[in-house]
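Right, one structure below, let's go through it.
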Amino acid sequence: QVQLVESGGGLVQAGGSLRLSCAASGSIFSINVMGWYRQAPGKQRELVAVITSGGSTTYADSVKGRFTISRDNAKKTLYLQMNSLKPDDTAVYFCNLRDRYTYWGQGTQVTVSS
């Protein structure tokens, strides 16, 4: 059974930074895609960034140049470095892993005050 546990969320002022982590446990297929999604109140969940097991990345236009996704395959950990945060970045951030199946973490709240 694969489990994903996010950490690193919190309250930050606009212009500040946060680093999210997602620790995966269990048996994971070596070829996979991991990513971060977010959901703001009253809105649909949206893609923030994804990274393949080979290191290829894709970002939402709204976070390009501000967020950086990375992973440590040996530690089975996913990261999201978020800089120049804006109030519009306020949301619950979810970790996602796709191999033969799809898994989600429980989410971590990020709140950016103006």
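Selection of region 53-71 for residues being open to solvent by 70 Å² or more (accessible area, probe 1.4 Å), of a type outside the set (D, E, K, R) and part of a loop (DSSP other than H, G, I, E, B) yields Gly54, Ser56, Gly65.
Applying the selection to region 89-114, what residues are among the β-branched types (Val, Ile, Thr) and assigned to a loop (DSSP other than H, G, I, E, B)?
Taking region 89-114 and keeping what is among the β-branched types (Val, Ile, Thr), we get 90, 92, 102, 108, 110-112.
Across region 89-114, the qualifying residue is only Thr90.
The values are calculated or read from the model by the stated rules, or taken from the named source; none is laboratory data. If you're wondering where the values come from, they're calculated on a predicted model, not measured in any experiment. These accessible areas exclude ligands, DNA and RNA; they are computed on the full protein's heavy atoms, side chains included. Shrake-Rupley method; radii C 1.70, N 1.55, O 1.52, S 1.80 Å.
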